[in-house]
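Every read-out reported here was derived from the displayed coordinates using simple, explicitly stated rules and does not represent laboratory data. All of these numbers come straight from a predicted model, not from anything done at the bench. Using ideal geometry, Cβ is built from the backbone for each residue, glycine included, and neighbour counts are taken over all protein chains shown.
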Amino acid sequence: MNSERSKSYPLRRRAVVKELLAQRGDALVVAGLGAAAWDVTAAGDEPLNFPLWGAMGGAVPLGLGLALAQPSRRVLVITGDGEMLMGLGSLATVATQRPPNLAIVVLDNERYGETGMQLTHTAGGVDLGAIAAASGIPICRTVSDKKSFRSVIPQIQKEVGPLFFNIKIRAENLPLVLPPKDGAYLKDRFQLALLGTNTII
Amino acid sequence: MDSLESETWPEDIYQVLVENRVRQVAYVPDIGHASLIKMCHKSYNMKTMVLTTEEEGVALLAGAWLGGDRGVLLMQSSGVGNCINMLSLTRVCRMPLLILVTMRGERGEFNPWQVPMGQNTNQILTVAGVLTFAVNDKDHIKEAVEAAAKMAFEGPAATAVLISQRIPGAKTFGR
């Protein structure tokens, strides 16, 4: 395990997510629990964000169900390496379903950020981008510097998917920016914004 | 398999799913669900997704619901244990969830590894906040799935129909 290297990675998580969401258009955003949800909220709390406060391992399959239900909308899953590691099997499920509108972005700081910054498997050499590629997701990239990150933003926003981007980010503790935590409220506001007030499903 | 193929209850379940406008069918297979899974695969209105673990299905159907699709999750009783933490998503967000469970380890089970989950499926689901409908008679399956679907989608609530191993076609390996 390499306990030091991610402390000096150049990409910073809040700036990455802010830039990614600056031109989100009508994208639907699912955020995995912990720091990824705080990052998405720091970029702006929106009704079409669905930040998770639990359900670890569930961000990608939740994004998949949403992408299949809303094929005309871009679905962007933004999550952390620890959350992704708990649901690796869901990458295989995504690959078999091949939703063209789903993009998965992992913010990989090689740490469990909410529990004391313990190292995750990615600090020990586990390569999430390679796992996603081997699972059969057609477009997978690992990005670790600003120039490459900027170059992949249009892909993340527009390219035919499913896509998987592992963004190597600096390990850092940042001030919490918390979204609402009542799940029923998060669901209701999301559905109102997406489906409208008169939609009965 | 012959006895399973000749049973009509899987068709009954399929019809209830159609009537309830179920669009996403997520499953980890069980022999008791084999006919139903085939029917869903053939349907033009249903998307089917095989999962690597049952908890994926809980999250997947939450996403489906957010996007306006109704779903159903098919599994055998051993899969219920794989779902527990993910069920907090359904509960905290007050979303519907319809689960159809074919039971193992319940009665006359030849595989002792199925017994710990099979003997406790109902209690575990209940503690996790899922309403359960246990069915021991094939003539009651349709009504149970109708009731579970109605309470799930109109609740919203998490509901599960537990289909007994005693029902013909739900047994496994001819034992």
Original post:
Can you tell me the Rg and Dmax of the range B:90-137, counting just the alpha carbons, in angstroms?
Top reply: 12.5, 39
**OP:** Quote the relative contact order of chain B in percent (integer), defining contacts as alpha-carbon pairs under 8 Å separated by 6+ residues.
**Re:** 25
**OP:** Can you pull the one-decimal nm distance between simple spin-label points at A:Glu114 and B:Gln123, each 7 Å off the Cα toward Cβ?
**Re:** 3.0
Original post:
Across peptide B:86-96, how many C-beta atoms of other chains are within 10 Å of each residue C-beta, on average?
Top reply: 5
Subject >> Value in Å of the Kirkwood radius, where the range A:45-98 supplies the Cα pairs that are averaged >> reply: 11.7
Original post:
Quick one: A:Lys168, B:Lys138, A:Lys147, fewest Cβ neighbours within 10 Å first, how do they rank?
Top reply: A:Lys147, B:Lys138, A:Lys168
**OP:** Calculate the length of the line joining the C-alpha centroid of the range B:12-55 to that of the range B:69-105, in whole Å.
**Re:** 14
**OP:** Do me a favour and compute the ellipsoid semi-axes for the protein assembly as shown from its Cα gyration tensor, root of five times each eigenvalue, largest one first, whole Å.
**Re:** 38, 21, 18
Subject >> Value of D in µm² per second that Stokes-Einstein yields for the range A:5-195, Kirkwood Rh from Cα pairs, at 20 °C (1.002 mPa s) >> reply: 133
**OP:** Taking amide H positions as placed in the peptide plane 1.01 Å from N, state which residues far from B:Ile99 in sequence (5 or more) or on other chains have amide H under 5 Å from it.
**Re:** B:Leu73, B:Thr159, B:Ala160, B:Val161
Subject >> Mean separation of Cα contacts under 8 Å, 6 or more apart, over the residue count of chain A: relative contact order % >> reply: 27
**OP:** Kindly give Rg over Rh for the range B:2-163, based on alpha-carbon atoms, with the Kirkwood expression for the hydrodynamic radius.
**Re:** 0.93
